[in-house]
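Reading through the structure tokens given below for one structure.
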Amino acid sequence: MTIDLHIHSSSSDGKLPVDQIIYEAKARGIGFMAITDHDNISCQTAAMNLTKYAGIRYIPGVELNITFSNTRFKEGKPTSLDFLGYGFDPENSALKAKLDLIAHYRQERAAKILQNLNAEFVKEGIATLTSKDFAEIEASVDGTLGRPHIADYLVKKHIVASRQEAFDKYLVRCDVPKYPLYLEEASRLIREAGGRIVLAHPNDPHGTSLVALTKNLAEQMQIVQESMLGSIDGVECWHSRADEATIQHYVAFCRAHNLMMTGGSDCHQKPTIMGTVAVPSWVADQFR
């Protein structure tokens, strides 16, 4: 059975809406899946209904951005990590309230990022962004507004040639801190909503991961053991950017600590890679 438990829709920073994702998943023979939008669960009820009709087993998902620090790395300065929530009740009031608060903060954060961008544009003689531009950015988003949407708008305005250039040239420099959600609170929210929480892509060289603290796999697993074991239920071992050494290390770690193991493509449909990661079929049995 083809499994993909890490897919993003246009409710966050994916390209396709939920109905098109499920149509594509059916065409690719995916038998078990989860849509895991960033800090957003607005599409979960629709996804559950559509996958039932399509004959695909589905589990509710979300990807939460966590503020994390470890005193032995980066002088204890905070960094961002991603965690995946699975199997929760999408109608849980506490979880919905927290995600609504984060969404509101994202709007404020985006406005401040645009202010910082304008300061840079003034220096470079580029026309500044207006409230009309901000409204257009908001209109392009089905759910959660984030920096990728701003990057795409800068491409549309021909200020940069690509999303990556937008980040490299402006958005890293002009960033504003994310909402400070900590692992203990995120774990409590997911678990009290009936779900389980999983460390996402721990050794992703191009994403939000423990690589920001250390590239050494043994040191990464020591961080997980020291700072996370009481708050997580598993680790995402299979990922589109996980090499064989990463997979082997984290599978062994999960088995040693009786943690569940998950996997997925992290597909944003740019390009469409859902279903391309070789996640073992027994992963699905952990959710029964």
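Rule-based calculations on the coordinates, nothing more; no lab input. All figures in this text were calculated on a predicted structure; none of them were measured in a lab. Using ideal geometry, Cβ is built from the backbone for each residue, glycine included, and neighbour counts are taken over all protein chains shown.
Quick notes
- The length gained on full extension between Y23 and Q222, counted as 0.36 nm times the residue separation minus their Cα-Cα distance, comes to 67.6 nm.
- The number of Lys pairs in the range 6-144 with C-alpha atoms less than 19 Å apart, excluding pairs fewer than 8 positions apart on the same chain, is 4.
- The string of couplings for the range 73-90 from the Karplus curve (6.51, -1.76, 1.60, θ = phi - 60°) is 10, 6, 6, x, 5, x, 9, 9, 10, 10, 10, 9, x, 9, x, 7, 7, x Hz, one whole number per residue in order, with x for Gly and Pro.
- Relative contact order for the chain, counting Cα pairs under 8 Å that sit 6 or more residues apart, in percent: 23
- Choice from S140, S12, S240 with maximal GNM fluctuation in the chain (Cα, 10 Å cutoff): S140
- Table column - 3J(HN,Hα) (Hz), the range 57-63, Karplus curve with 6.51, -1.76, 1.60, x for Gly and Pro: 6, 10, 10, x, x, 7, 10
- Nearest 10 degrees, 0 to 90: helix 147-156 Cα axis against the chain principal axis: 50
- Here T36, T71 are placed in order of increasing Cβ neighbour count within 10 Å, fewest first, which gives T71, T36.
- Label sites at T130 and K112, each approximated as a point 7 angstrom past Cα along Cα to Cβ, lie 2.6 nm apart.
- Estimated [θ] at 222 nm from DSSP helical runs (n ≥ 4, -39500 (n - 2.57)) normalised by residues in the chain, nearest 500: -12000 deg cm²/dmol
- Axis angle, to the nearest 10 degrees, between helix 183-192 and the longest C-alpha principal axis of the chain: 60 degrees.
- Among beta bridges from DSSP that stay inside the chain, the antiparallel ones total about 45%.
- Inter-part distance where the range 91-113 and the range 227-281 are each reduced to a Cα centre, Å: 27
- Antiparallel content of DSSP bridges confined to the range 1-92, in %, to 5: 55
- Cα gyration tensor, the range 104-171 - rounded (a/c under 1.5), prolate or oblate: prolate
- Rounded to the nearest 10 degrees, the angle from helix 18-27 to the longest Cα principal axis of the chain is 50 degrees.
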